[in-house]
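Trainee: Have a look at this one before I ask anything.
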Amino acid sequence: MKYVLPFLLLLVAAATPTLRAQDCASEFENLFYDTQLPAGSREIRAVWLTTIMGLDWPQRPARTESESAQQRKALTDILDKYVEAGINTVLFQTRVRSTTMFPSDMEPWDGILTGEPGRAPSYDPLQFAIDECHKRGLEIHAWIVAFPICKADVCKKLGSRALPRQRPELCQLCGDKWVMDPGVPETGEYLARFCAEVTRKYDIDGLHFDYIRYPEKSWGFRDDKTYAKYGNGQPKAQWRRDNVTRCVRLIHDTVKAIKPWVRLSCSPVGKYADLPRQSSSGWNARDAVSQDAKLWLREGLMDMVFPMMYFDGRHFYPFVVDWNEESGGRPIVPGLGAYLLSNKERGWSLNVIRRQMNVSRQVGSGGQCMFRSESFTDNTKGLYDFLARQFYRHPALTPAVEGATALPTPPTNCTAQREKHSLRFHWTAVAPARSTEYARAARYHLYACPSDTFRIAEARRIATNIEGTEFIYTPALPANLHQKFFITTFDAFNNESEAARVEIIY
């Protein structure tokens, strides 16, 4: 890749996978070279939008229609800021702690929406978020918190609808909080049914799993009885990993059978395992919490992963290279600790995140993800400005999803009618490649080019993910009405067709 620095080529391409990451950590820490992707490149640019306790949204419960309107306005303001900064993917926390942000047949409403657990708001927040994201060309992935469920006091307020009351055999009380037991086979079946409900009801672009792992030791989780019942003499560490993988496999097979284009991802602990010359300091995905995320990538059970890499120095650089070296060819999207910029946290300088973003891009990561939204949109230490004006100043589409057999067909009958200072574009719809119950209608991209031939290196994307077959373009400069325009089809798997030229009608 042309933008990789010479010393990175030597360090990252010539050395062994483990050695190169560990020995070049100090050089990485001195890196301030802001890379830019070549035109037409794809990259995931994501944000975790946290709804638990209203940390990012909604920050106030709504008990009246006026307050509900304020909630909705607050969400669209956040989404507008994402678009302005070049974000293309929203991880929207949908299953909070066995409570939901949508009307579920299986679980009750989360209390943050109305101030009362189990009480329905006046609108469907997930549907609203989907509509508003797609209107802005943003992907939206339903963020599912897997095994942790509600606290004991919330369980009492929810009464008979609480998961520990509905399915006590799946749940265990750890101190003041309930958690699902991954070793009980029905746990995976339950989660797969829940994911099927979300997938069938909503036009989501992905499902994103958090805490799809065993609880850390501090939780006081005990599964001796479960192991005695289901362990079959396996080493307990392997049995635990197999339990989590079984849940992942059930979810994968269930969701992909309904909508094969829905991306599956998770946020594993940021270090997969100890490296031969770099310890994870006892905190890693595979051995500490039984989360075999590399296996899930190799077997295609996850389309991508967002490792939570809220570290720096030797705890970041060796491990981000390690993830990318064993990704199974699927995107690795490092989760970056934007919240650690706050002086109330670690007080990092912007250069810490800046280096991490540049290095992750240079070693081949599939993008970056910010945790969490408020730390990003509040422009902590200038992070928002850095992304909007520099790192993400050129828009990027997300990578295609594996599974499509052919590129979509370009649109036909593409015309544009001049209307004063605007152009009204029309075209003929392209039928979905798969005519199933859940087939997604094709979407379209509109480009402007300086010449009669479409070249992605010269093209400027005017609009993304247009639904329907009409679009009105009103440029700030009237001279831009005289460009050459092209339209492409974008299918459910994020594959893009060849470009169709637009005929301008005056």
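Trainee: So if the hydrodynamic radius of region 370-412 is defined as the Kirkwood radius over C-alpha pairs, what does Stokes-Einstein give as its diffusion coefficient at 10 °C and 1.306 mPa s, in µm² per second?
Mentor: Estimated via Stokes-Einstein, D reaches 118 µm²/s.
Trainee: Determine, at each q value in 0.13, 0.20 (inverse angstroms), the log₁₀ of I(q)/I(0) that the Debye formula gives when each Cα of region 255-345 is one equal point scatterer.
Mentor: Once normalised to I(0) and log-transformed, intensities are -0.45, -0.93.
Trainee: Now for a different question. Assuming a ≥ b ≥ c are the square roots of the Cα gyration tensor eigenvalues, decide whether region 201-353 counts as rounded (a/c under 1.5), prolate (otherwise, with a/b larger than b/c) or oblate.
Mentor: oblate
Trainee: Here's another thing I want to ask about it. What FRET efficiency do you get for Asn480 and Ala228 if R0 is 60 Å and r is their Cβ-Cβ distance, rounded to the nearest 0.05? Intermediate results must be reported in sequence, preceding the final value.
Mentor: Values: r = 71 Å, r/R0 = 1.18.
The computed FRET efficiency comes out at 0.25.
Trainee: For His426 and Ile472 in the same chain, what is the full-extension length gain: residue separation times 0.36 nm, less their Cα-Cα distance, in nm?
Mentor: That pair, His426 and Ile472, stretches by 15.7 nm at full extension.
Trainee: While we're looking at this one, here's another question. For the residue pair Ala74 and Ser160, what label-to-label distance in nm results when each label sits 7 Å from Cα along the Cα-to-beta-carbon direction?
Mentor: Placing both labels 7 Å along Cα→Cβ, they lie 3.3 nm apart.
Trainee: Please list the non-local residues whose amide H lies under 5 Å from the amide H of Arg42, H modeled 1.01 Å from N, same-chain partners needing a gap of 5 or more.
Mentor: It is none; the list stays empty.
Trainee: Report, in listed order, any pair from Lys81/Lys381; Lys156/Lys177; Lys135/Lys420; Lys344/Lys381; Lys81/Lys135 with a Cα-Cα distance greater than 19 Å.
Mentor: Lys135/Lys420
Trainee: Across every pair of different alpha-carbon atoms, what Kirkwood hydrodynamic radius in Å does region 75-222 reach?
Mentor: Across region 75-222, the inverse of the average 1/r is 16.1 Å.
Trainee: Ok, one more. How long is region 162-206 along each principal axis, judged by its Cα atoms, biggest number first, in Å?
Mentor: 37, 22, 18
Trainee: Students often forget the sequence filter, so: which lysines lie under 23 Å Cα-Cα from Lys236 once same-chain residues fewer than 8 apart are removed?
Mentor: Lys217, Lys225, Lys271, Lys294
Trainee: Just subtract the alpha-carbon distance of Asp378 and Leu350 from 0.36 nm times their residue separation and send over the number in nm, one decimal.
Mentor: Working it through step by step, the gained length comes to 8.7 nm.
Trainee: Please list, in order along region 405-418, the HN-Hα scalar couplings obtained from phi with the Karplus expression 6.51 cos²θ - 1.76 cosθ + 1.60 (θ = phi - 60°), rounded to whole Hz, x for Gly and Pro.
Mentor: Each residue's phi maps through the Karplus curve to give 9, 7, 5, x, 7, x, x, 10, 6, 7, 9, 9, 9, 6 Hz.
Trainee: List the relative contact order of region 303-457 as a percent without decimals, with contacts defined as Cα pairs under 8 Å and 6+ residues apart.
Mentor: Reported relative contact order: 16 percent.
Trainee: Express in whole angstrom the spacing between the alpha-carbon centres of region 205-277 and region 298-325.
Mentor: First find each Cα centre; the distance between them is then 17 Å.
Trainee: If you stretched the chain out fully between Arg455 and Met53, how much longer would it get, using 0.36 nm times the residue separation minus the C-alpha to C-alpha distance?
Mentor: In short, 140.0 nm is gained.
Trainee: Then there's this: Among (i) 89, 53, 49; (ii) 97, 52, 39; (iii) 76, 57, 46, which is the computed Cα extents along the principal axes in Å?
Mentor: (iii)
Trainee: Further, regarding this structure: At a Cα cut-off below 17 Å, give the lysines reachable from Lys201, other chains included and same-chain residues fewer than 8 away excluded.
Mentor: Hits, sequence-local ones excluded: Lys256, Lys259.
Trainee: A follow-up question, please. Go ahead and estimate [θ] at 222 nm for the chain from helices alone: -39,500 (n - 2.57) per DSSP H run with n ≥ 4, summed, over the residue count, rounded to 500.
Mentor: My calculation for the chain gives -8000 deg cm²/dmol from helical runs alone.
Trainee: Can you tell me the order of 395-402, 244-251, 66-73 when each peptide is scored by its average per-residue count of other Cβ atoms within 10 angstrom, highest first?
Mentor: The densest-packed peptide leads the list: 244-251, 395-402, 66-73.
Trainee: With a 1.4 Å probe and all protein chains left in place, how much accessible area per residue does the chain have, in Å²?
Mentor: 41
Trainee: While we're looking at this one, here's another question. How large is the convex hull of the Cα atoms of region 91-134 per residue, expressed in Å³ as a whole number?
Mentor: Working: hull volume 3.2 nm³, N = 44.
So the per-residue Cα hull volume is 72 Å³.
Trainee: Would you mind classifying region 114-194 by shape? Square roots of the alpha carbon gyration tensor eigenvalues, ordered a ≥ b ≥ c; an a/c under 1.5 is rounded, otherwise it is prolate if a/b is larger than b/c and oblate if not.
Mentor: Working: a/c = 2.69, a/b = 1.57, b/c = 1.72.
It comes out oblate by the Cα gyration axes.
Trainee: Could you tell me whether region 392-436 comes out rounded, prolate or oblate from its Cα gyration tensor? Rule is a ≥ b ≥ c as square roots of the eigenvalues, rounded for a/c under 1.5, then prolate if a/b exceeds b/c, otherwise oblate.
Mentor: It is oblate, given that a/c is not under 1.5 and a/b is not larger than b/c.
Trainee: Mind listing the long-range amide H neighbours of Lys177? Cut-off is under 5 Å, sequence gap 5 or more, other chains count too, H placed in the peptide plane at 1.01 Å from N.
Mentor: Ala152
Trainee: Next up: Under a no-solvent Debye model with one identical scatterer per Cα of region 283-428, what's log10 I(q)/I(0) at q = 0.09, 0.16, 0.20 Å⁻¹?
Mentor: Cα-only, vacuum Debye calculation for region 283-428: -0.42, -0.93, -1.22.
Trainee: Something else: In whole Å, what are the extents of region 364-497 along the principal axes defined by its C-alpha atoms, from largest to smallest?
Mentor: Computed over the Cα atoms, the extents are 49, 43, 25 Å.
Trainee: How do Tyr190, Tyr339 stack up against each other in accessible area, from largest to smallest, with a 1.4 angstrom probe?
Mentor: Largest accessible area first, the list is Tyr339, Tyr190.
The values are calculated or read from the model by the stated rules, or taken from the named source; none is laboratory data. Treat the numbers as computed from the prediction; the structure is a model and nothing was measured. All Cβ positions, glycine included, derive from the backbone under ideal geometry; neighbour counts span all protein chains shown. Side chains included, ligands, DNA and RNA excluded: accessible areas come from the protein's heavy atoms. Shrake-Rupley method; radii C 1.70, N 1.55, O 1.52, S 1.80 Å.
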